[in-house]
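Beneath this line is the structure, given in structure tokens, with notes to follow.
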Amino acid sequence: MDFHLSKEQLMLRKMYRDFAENEVKPLAEEVDETEEFPMETVKKMGELGMMGIYFPKEYGGAGGDVLSYAMCVEELAKVCGTTAVIVSAHTSLCCAPIFEHGTEEQKRKYLPDLLSGKKIGAFGLTEPGAGTDAQGQQTTAVLDESGENYILNGSKIFITNAGFADVFIVIAVTGKTTNKRGKPIKEISAFIVERTFPGFSVGKHEKKMGIRGSSTCELVFEDCIVPKANLLGKIGQGFKIAMQTLDGGRIGIAAQALGLGEGAVNEAIKYTKERVQFGKRISQFQNTQFQLADMHTRMQAAQFLVYSAACKKQNHEDYSMDAAMAKLFAAEAASDVTRRAVQLFGGYGYTREYPVERMMRDAKITEIYEGTSEVQRMVISSHLGVN
Amino acid sequence: MKVIVCVKQVPDTSGKVAVNPDGTLNRASMETITNPDDMNAVEAALKLKDETGCKVIVVTMGPPPAEGMLRELLAMGADEGYLISGREFGGSDTYATSQIVAAGVNKIGVEKGDIVMCGRQAIDGDTAQVGPQIAEKLHLPQVTYAADIHKDGDDITVKRMLEDGYMTIKVKTPCLLTCIKELNKPRYMSVGGIFEAYSKPVTVLDYEALKDDPLIDPTTIGLKGSPTNILVSFTPPQKGAGMMLEGADMGTCEKLAGILAGKHII
Amino acid sequence: MAFNNTDLAAFKDVWVFCEQRDGKLMPTDLELISEGRRLADELGVQLCGLLLGDGVEGLAKELGGYGADKVYVCEHPLLKVYTTDAYAKVICDVIEELKPEAFLIGATNIGRDLGPRCAARLHTGLCADCTHLDVDMGIYKDFLHEASTLEDARIEGLNTAMVLGEKHDVSRDLKMTRPAFGGHLMASIICPRFRPTMATVRPGVMKKRPFDQAKADACQIVKPAFELSEADLQTEVTEVVKAAKKLVDLIGADFIVSVGRGISKDVEGGIKLAEELAAELGGVVGGSRAVIDSGWLSADHQVGQTGKTVHPKVYVALGISGAIQHKAGMQDSECIIAVNKNETAPIFEIADYGICGDLFKVTPMLTEAIRAAKAAK
């Protein structure tokens, strides 16, 4: 195994850090406080190619690789969990399924604007009665009399980027079918829905514990007209597309968790070297040293899992279990490490004067969205054949 | 038309600066960066490229690892890099350095329509000498401290900063400009640019490549070509710590005001 | 006779370039004339001013009052406003003719444009932005004993230097000391093989002497011959604009209240508190590089290696951590007061008085306490 980054990846990391430090970090506190979507930052990221890192240049991408994308999310998350998830949801949950399952026309139509960040993407799977359990889907898509359009009805909740996205990948029930064992199940399909389609609207904005600047909203479909040409993949492939999309998405969320944890370690190292108690810098206490050693070790282990999953995806190997393990481990590590960072900061850590409490709030969601840690364990165990 | 930007890789003196026991700088322990003012020159050149489609060439003199810096500038959008590097050039002071860089620029070729740009000064030495001295060696007009640059055909109009205001200066190409941070905000490398950076050309100019230039002979480069010598370098002593006052309340402030008044400082 | 800059014996006298803008001398001219006087005395030669402009002869006597024995005045309509080409040509021509052994220039934005261009043309060494100049070895060594961490034996052994493999006696060389690497290092530079030795000198560093009317009256004015025409100029100055806002005079201020990154949570509020304290002290407001780079204060407020070097009676540092670049510009202040939340901030290492606390709370109390203390006097 080669654990070395390429020259390009090393240069990218430097550029991401520079950008994160100078453009993202100064806004992170305000973005959290005001719950405002950092639109200006997204525009800047678009201009720099950060909204389409691992897609080919012919579609307007930057021509990079999946690891370079994961590193981007990681570096952003070190300073701002919100900005990181905007890139992750846009890239993994919207650009990727169009690139991987779209027709040539769909790719030509949607990717250039998405990959250059002129348009923002989102993904609508979760419903009030169905999360990762796709069979619980209630949103329907029915071909109209003309046979030219699908009519969508229903709603989606907790949709990341929803308030500012222009293009949505939406999963809906298109009919009934039977599974391999002949049992009747719902036929599920995927669609590319534009914000401007009649009958589409964005509903209530959720007030969240963390990643407060990310726009998490409800999507409402009331006889929403979607041209037939916007069917993504074939009829009935929706479940497969959704699951593959989530596999990729998990690399992004794992990278977000990784960055949050690493960011907290960085802050804790800096703080404990400055803060004096009982006449000593608190970094001189063995408890601090051991805590930080453990924290860093956990994040380093997480990094190996995340990078390895990203490389497997890049090499078109089966990475589903790797992505699940990376997300499971990185998310739990991030929650633990950010919480420990707050403890090292003591009372100051609990105040909003220092960023670690924000990182702790931001980290929690990584154990929940795009498949909870419990779901990741299900995925991993099923790969182990433990059913 | 092309813009040739002269850049320097410098130790990042804003971070940790380590000094060896003999009073020299421990460069190995320090991060290197592209000199900040040079970044403004690169950005000014790339802006001209955005506007006119001109070619941007970056040139540096330094050890082989300085190629990494050139690649970063290529990732920002520059088209070509030149690395002037060779043992014969070691030990050069600003005068000899200017002589060598000027020869490198000659090798690339300066024609009508072209601009040579430099940063105002480098943060390692803060001398601000190399730009004007390259201009002198190339017989180019110079405008230093450029805070605004407008190009209209062969005419360049520069806002040249003074301590108490500015001058507007008109100059014709080819010319040399030195840039200050007020000029612009340097762009970031782009993701796409980074993936292209290693396929753009970087040419190494060693002594062999430059030795036919009239500016280059053994007495004009390296230690022999340097009119100045370092007699001694040293670290200044740290001023001893004074008094930390107890507390941070009104009483503390009154005590301090009392001391100042007692010493007739206020 | 061709100009031979390696015939060291042919060169004598110390010259100072006396920059004028709008027909007025720059403050740094008087500092350099004062310092140049000492160097000329140590060398046993004359101190000469070099004044370029149009209708500027009247300024020459003032230079005499600060120590110039002689002022070379070059007047021409094309010298009224500074251009690199005209000034460099006239200066280099006059130097080749009259051969000074040392040539000092104020390190203003103009001096730093002119100095290197002339040095390159004259093929001689220039040391930029000097903060200390010496000829006399005794005085130089005393300076090193005080201002360096060098061992005594090393300092005493500095009478010679190895120059291209040969021992060179430095006793008659101008030893030009300057900071490098943001003030982390100092270096003394010599120009042993060529003349004139050139230096640009940081404004505000050298001390001005008292004005001496008798010296002014005795000062000799000489007008050397030179040639200059439009054809020599490759640039055209179309306007000279004075900054609309009165720039802050940090160098001349006795009291400076500077703000640093510590004001970031309320920039306007922090600056206002600093202004109130400065007003009470009768001083001005300065800032660290972080503050200027963030655009919170204009560049004329910057104290430090890349800004101004100041030595006021009192320097108050509010929320300034004390990076070495900053310290390089203010550590010679007579009294340093630091207010910082972080008790390990390096600024406390050089502060005479330190208060560990929130500048937003401490500053108004300090202003009030100083007001009360002054009222009680």
| field | Some residue of region B:235-244 being open to solvent by less than 20 Å² (accessible area, probe 1.4 Å) and either under 30 Å from C:E334 (Cβ atoms) or of a type outside the set (S, T, N, Q) (or both) | value | no
| task | Identify all residues within region C:320-331 that are open to solvent by 10 Å² or more (accessible area, probe 1.4 Å) and over 19 Å from the mean Cα position of the chain (by Cα); write none if there are none. | result | C:S321, C:A323
| Does at least one position in region C:273-283 carry a residue that is within 24 Å of C:E334 (Cα to Cα), away from chain B (no Cβ under 14 Å) and assigned to a strand (DSSP E or B)? | no
| message | Being within 19 Å of the chain's Cα centre (by Cα) and modelled with pLDDT of 95 or more narrows it down to one residue among A:V202, A:V167, A:V173, A:V193; which is it? | response | A:V167
| message | Testing C:D293 on (1) farther than 27 Å from B:L162 by Cβ; (2) at pLDDT below 90, one condition comes back false. Which one is that? | response | (1)
| query | For region B:1-118, which strands (runs of 3 or more DSSP E) that fit wholly inside it have 1 or more residues that are among the polar types (S, T, N, Q)? | reply | B:9-11, B:32-34, B:55-61
| said: Looking at region C:155-195 only, could you name the residues that are out of contact with any Ser or Thr (no Cβ under 9 Å at 6 or more places or on another chain) and facing chain B (nearest Cβ under 8 Å)? | reply: C:A161, C:V163, C:L164
| Of all residues in region C:46-63, which are in contact (Cβ under 8 Å) with a residue 12 or more places away in the chain and open to solvent by 10 Å² or more (accessible area, probe 1.4 Å)? | C:Q46, C:D54, C:G55, C:E57, C:L59, C:K61, C:E62
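Please state which one of C:D13, C:D69, C:D29 is buried (at least 23 other Cβ atoms within 10 Å of the Cβ), of a type in the set (D, E) and modelled with pLDDT of 95 or more.
C:D29
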| note | Over region C:278-305, the set of residues touching a residue at least 40 places away in the same chain (Cβ under 8 Å) and surrounded by fewer than 22 Cβ atoms within 10 Å (Cβ to Cβ) is C:E280, C:S298, C:D300
| query | Quick check, is A:L152 surrounded by fewer than 19 Cβ atoms within 10 Å (Cβ to Cβ), farther than 30 Å from A:L260 by Cβ and of a type in the set (A, V, I, L, M)? | reply | no
| field | Among the residues listed as B:P218, B:P201, B:P174, the single one being modelled with pLDDT under 95 and either within 14 Å of chain C (Cβ to nearest Cβ) or over 21 Å from the mean Cα position of the chain (by Cα) (or both) | value | B:P218
| task | Give the residues of region B:145-196 that are basic (K, R), under 14 Å from C:Y82 (Cα atoms) and open to solvent by 10 Å² or more (accessible area, probe 1.4 Å), sorted by residue number. | result | B:K170
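For residues that are part of a helix (DSSP H, G or I) and in contact with a Phe, Trp or Tyr (Cβ under 8 Å, 6 or more places away or on another chain), scanning just region A:353-387, find the one that is least open to solvent (accessible area, probe 1.4 Å). If you could, list the steps in order and put the result at the bottom.
Our first condition is that a residue be part of a helix (DSSP H, G or I); within region A:353-387, this holds for A:356-365, A:373-383.
This time we only want the ones that are in contact with a Phe, Trp or Tyr (Cβ under 8 Å, 6 or more places away or on another chain), so: A:356-357.
Values: A:V356: 0, A:E357: 27 Å².
Going through the qualifying residues, I end up with A:V356.
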| Restricting attention to region C:134-144, and to residues there that are in contact with a helix residue (DSSP H, G or I) (Cβ under 6 Å, 6 or more places away or on another chain) and not charged (D, E, K, R), which single residue is farthest from the other protein chains (Cβ to nearest Cβ)? | C:V135
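Every residue, every condition in (1) at the interface with another protein chain (Cβ under 8 Å from one of its Cβ atoms); (2) hydroxyl-bearing (S, T, Y), yes or no:
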{"site": "C:K308", "(1), (2)": "no, no"}
{"site": "C:V316", "(1), (2)": "no, no"}
{"site": "C:A323", "(1), (2)": "yes, no"}
{"site": "C:S333", "(1), (2)": "no, yes"}
{"site": "C:A345", "(1), (2)": "no, no"}
{"site": "C:G354", "(1), (2)": "yes, no"}
| field | Of the criteria (1) at pLDDT 95 or above; (2) more than 9 Å from chain B (Cβ to nearest Cβ), which one A:C72 fails | value | (2)
| message | Could you go through region C:3-17 and let me know if any residue there is in a loop (DSSP other than H, G, I, E, B), basic (K, R) and either touching a residue at least 24 places away in the same chain (Cβ under 8 Å) or closer than 14 Å to C:I95 by Cα (or both). | response | yes
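The values are calculated or read from the model by the stated rules, or taken from the named source; none is laboratory data. Predicted model, so just to flag it, every value in this text is computed and none were measured. Heads up, the Cβs are rebuilt from the backbone with ideal geometry, glycines too, and the neighbour counts pull from every protein chain shown. SASA here: full protein model, heavy atoms, side chains in, ligands and nucleic acids out. Shrake-Rupley method; radii C 1.70, N 1.55, O 1.52, S 1.80 Å.
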